[in-house]
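Every number in this text was worked out from the coordinates using simple rules, so none of it is lab data. All of these numbers come straight from a predicted model, not from anything done at the bench. Neighbour counts are summed over all protein chains in view; Cβ atoms, including those assigned to glycine, are modelled from backbone coordinates with ideal geometry.
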C-alpha cells in the first residue's frame, strides 16, 4: 500500500492534522505553510496503514464498526415506543381513560396478604403487609396497531408519575407505608392493548373495631375497605380481579396471636352527601390463639387461688403465715389484671379475674373468721380460770368460819369442826382445790352468742375443715360453667 498525500486527505488528515500540506492530484498548494517534516509524515502514514488493515480485518469477520448490535436496537425501540406513548403531547395523565367516550373506567383489584398483625387491643388497630394490585385499560396507551412489538412493556418506577392512576385509598387506614428497599417495590406493566397492571407492596395499619366481650376466647372480624376518593360510580367502578384470586394469603405468612380462619370479598359501594362512590371490602375472620393467655394468666391465677387455700391447713395461731399467704395472693391477682385491655364493658377475662379475686379474698376473710373464734376461746378460757380462782378464794375464807355453811363444792361443816364433804371427789378437809372450767361450762357460755353448744375453738377448726372441701369444689364448678359458656356460646 502506497501512502501519499491524497491518501492522507482521503482518511481525514485534513481535519485532524491541519498542519499537513493539502494537495490535489499530487500537486502541493503553495498557500498552505508546510510545518510537517518528512519524518513526521512517515510515522503518520504508518499509523494510517495500520488502521486500514484493522478495518479490513473487522469487515472480513462480519463486525460492523460503529453500528449498534441487535440488543441495543431492541432497547432503543422500546424506549422509542414508551416515549411515543407518554411524551407525544397528546396523552394527558390528569384525564381518566374512556373519558372522551363517556364511559366509566373499570378498575380490577386483588390483594395478596404477606403478613398480618399484630392486633393491638388497646388501640383497636391491626397492621397488615400485602401486595396490592390494580389493573385497568387505557386505550390511549395501546400500541399493538402500529408497533412491531407484541409483548408487554415493563416500565421503570420513575414512569409512574407519567401515568393516570386510580385514586384508591384505604378508608379505615390510620398509617400507610410503601417499601423502597432496595428500590421502590412497585411494578408497572403495559400490555399491547393498553391494559396496565400496577402492583405495590404496602404496609397499612387499619382501624379494627374489636368486640372483646369474650377476650381472650374471642373471634374477631376486621374490615379492610378500599374506596375512590374523588370519582363516583359514574366515572369509575371497582371489581375484584377476574384473572387472579381476588384475596389470597401466602403459605408462609405469619399471624401472631391469631389464626386467619376465613377471608371473604365484598362490594361496599356507598352513597354519601357528595355522591355514590365505588368501594371494595375484604373481611378477615380471626380466631385468637389462647396459648399465651393460658400460660400467663389462667394457669398462674389458678395456682394463686390454690395457694390461698394453704391457710386452711395452718393453725389459727400461725398469724404471720396466714397473713403472708393472704396478702401475697391478693396482690398477685390484682397485678395480673393491670395489663388487660380497657373497654367500657365486661370481658370474659374480667369475670375470671374477678372470681379469682373473690376466692382469694374469701380465703383471707375465712382466716379472720377463724382467728376471731380462736381469740374468743382464749378469752373465755382466761375468764373461766379467773372465776374459778375467785370462787376458790371465797370458799377458803368461808371454811375458816365456826358456823356451819355449805361450801361451794357441796360439803357442809358445823361449829365443832366436823366436816362432811358432798362433792364429786368425796374429799374432806379444810383445803379447797379449784377446778378447771369444764367443756360444758364453755359451751354454756358460748351458747349465749352463737345459739349452739360448741366451743369457739372447735367451731374455728370446723370452719377450716369445711373450707378445705367447699372452696376447691366451688372453684371447680365455676371453671366448668366458665369454659362451657365462653367456648360454646357465640
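Convex hull volume of the C-alpha atoms in the stretch 105-289, normalised per residue: 141 Å³. Equivalent-ellipsoid semi-axes for the stretch 201-249 (Cα gyration tensor, √(5λ), whole Å, largest first): 30, 16, 11.
Spatial offset of the stretch 210-286 relative to the stretch 325-374 amounts to 42 Å, using the alpha carbon center of each.
If R0 is 45 Å, the Cβ-Cβ spacing of residue 285 and residue 465 corresponds to a FRET efficiency of close to 0.30. Rounded to two decimals, the Cα-based Rg/Rh of the stretch 186-329, with Kirkwood Rh, is 1.29. Of the peptides 482-488, 114-120, 228-234, the order by per-residue mean of other Cβ atoms within 10 Å, starting with the highest, comes out as 114-120, 228-234, 482-488.
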